[in-house]
Amino acid sequence: SYLPEEQAPTFEAFADQVTGNTPDNKQMLQEMFGYCLQNGNPQHKVFYLYGNTARNGKSTTAKIICGLIGWDNVSALSLEQIEKGGTSLTELVEKKINFSDEISTKFIESSSLMTLAAEGVIAINPKYKKPFREKVMAKFIIACNDLPRFSNAQGMSARMIAIPFPYQIPEAERIPNYDSVLLDKEGSGILNWAITGLQTLRKNKTFTFSKESSEEAYENKMQGNSTYAYLEERFDFSPEYTAKLTPEDMFGLEETFGKEPEPATGFRLYCKETGIKTPSLFTFRKELKRYSDDTNKIKQEREIKSDGRVGKRFYTGLRLRGAIEYPSDGDGFNQSYKN
């Protein structure tokens, strides 16, 4: 029931505990609760409640918001079921929340999840009835021990709200079915707490990100995109760096074998040193452009020849960290670097 004077001191103490007594972490949690009161998923967000250990309250927290909204309004498709699609997706019809309680989420083929989180349309094929299409309006809440790597790290990073749960609840303090206990005792107060979170979210027009959450999200993005990781780890950035580097310059040469073997260079060398499978040059070019658009740290340009023809693409604004520069070909291209 909506009783505007009710409060939830026991629940708030629990929220303080599981978020490590970090105000920004708790604020993220409150905004998630408030966001789940709305219809649809207008900001196309996926919430990850993560902690390195078990018994840290993330599943209990998710069950509290599910119970607040009403379990009849909740589906429970796993990430694997979302990825496979098919008839199981019919469970999302008219649901407010999809809650996935995952033990391990090392890698996610994220295209289906991204589509559904963006209020995508799915095909429904009920038995003995006419097929129809349905717009998914659910928010997605995932409880996991660690943040997964995504097949589309950049696309998912724009949707991901990662809320850390750094505290492991001691055995002696654990209460069975604590979500039901709190809702029975302070349900109206928890609702008011969630409403305050929604009011804050609407006022700020954006979600809060704690320092810990931002750092984890950044590391996760780097793990999921080797081109981004290569640029961030091996280059410095400044508008004063005017050397023209082509994608081929940065991609480097493949390792050769024979009488006079040559080691790999550039991005190829980085992949070998870090044990990453080297993407194709086509993929590397695409991710370079995406990095330029996403960060504005480097500038993409095209060479214009004297006869007006468009030449090769190049980038400025970056320099290999700790490099020795060698003369260019006069036009600024073929700038060579050696560590």
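Out of the residues in the stretch 284-328 meeting the condition of being modelled with pLDDT under 75, assigned to a loop (DSSP other than H, G, I, E, B) and open to solvent by 80 Å² or more (accessible area, probe 1.4 Å), tell me which one is farthest from Leu253 (Cα to Cα). Here the residue is Pro327. Here are Ala62, Ala15: which of them is in a helix (DSSP H, G or I), open to solvent by less than 50 Å² (accessible area, probe 1.4 Å), among the aliphatic types (A, V, I, L, M) and closer than 18 Å to Thr196 by Cβ? Going through Ala62, Ala15 in turn, just one is in a helix (DSSP H, G or I), open to solvent by less than 50 Å² (accessible area, probe 1.4 Å), among the aliphatic types (A, V, I, L, M) and closer than 18 Å to Thr196 by Cβ: Ala15.
Looking across the stretch 242-263 at every residue that is part of a helix (DSSP H, G or I) and open to solvent by less than 50 Å² (accessible area, probe 1.4 Å), the one that is farthest from Glu301 (Cα to Cα) is identified as Phe251.
Here is a yes/no grid of residues against (1) within 17 Å of the chain's Cα centre (by Cα); (2) more than 19 Å from Leu198 (Cβ to Cβ); (3) of a type outside the set (A, V, I, L, M):
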site	(1), (2), (3)
Lys45	yes, no, yes
Val74	no, no, no
Leu79	yes, yes, no
Gly85	no, yes, yes
Met114	yes, yes, no
Ile124	no, yes, no
Lys127	no, yes, yes
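Within the stretch 25-40, the set of residues being open to solvent by 50 Å² or more (accessible area, probe 1.4 Å) and at pLDDT 95 or above comprises just one member, Leu37. For residues in the stretch 229-241 being out of contact with any helix residue (DSSP H, G or I) (no Cβ under 6 Å at 6 or more places or on another chain) and aromatic (Phe, Trp, Tyr), which is least open to solvent (accessible area, probe 1.4 Å)? Within the stretch 229-241, the match that is least open to solvent (accessible area, probe 1.4 Å) is Phe235.
For the subset of the stretch 41-59 comprising residues that are of a type in the set (A, V, I, L, M) and either in contact with a Pro (Cβ under 9 Å, 6 or more places away or on another chain) or surrounded by fewer than 20 Cβ atoms within 10 Å (Cβ to Cβ) (or both), which member is nearest to Leu191 (Cα to Cα)? Ranking the candidates gives Leu49 first.
For the stretch 134-169, a residue qualifies if it is modelled with pLDDT of 70 or more and of a type in the set (Phe, Trp, Tyr), and the qualifying residues are Phe140, Phe165, Tyr167. For the stretch 70-83, the count of residues that are among the hydrophobic types (A, V, I, L, M, F, W, C), open to solvent by 10 Å² or more (accessible area, probe 1.4 Å), in a helix (DSSP H, G or I) and in contact (Cβ under 8 Å) with a residue 12 or more places away in the chain is at least one. Restricted to the stretch 108-222, the set of helices (runs of 4 or more DSSP H) holding at least 1 residues that are among the β-branched types (Val, Ile, Thr) and within 17 Å of Val18 (Cα to Cα) comprises 178-204.
The values are calculated or read from the model by the stated rules, or taken from the named source; none is laboratory data. On a predicted model such as this, the values are computed, not experimentally measured, just so you know. Cβ atoms come from the backbone with ideal geometry, glycine included; neighbour counts cover every protein chain shown. We work out accessible area using only protein heavy atoms, side chains counted, and drop any ligands, DNA or RNA first. Shrake-Rupley method; radii C 1.70, N 1.55, O 1.52, S 1.80 Å.
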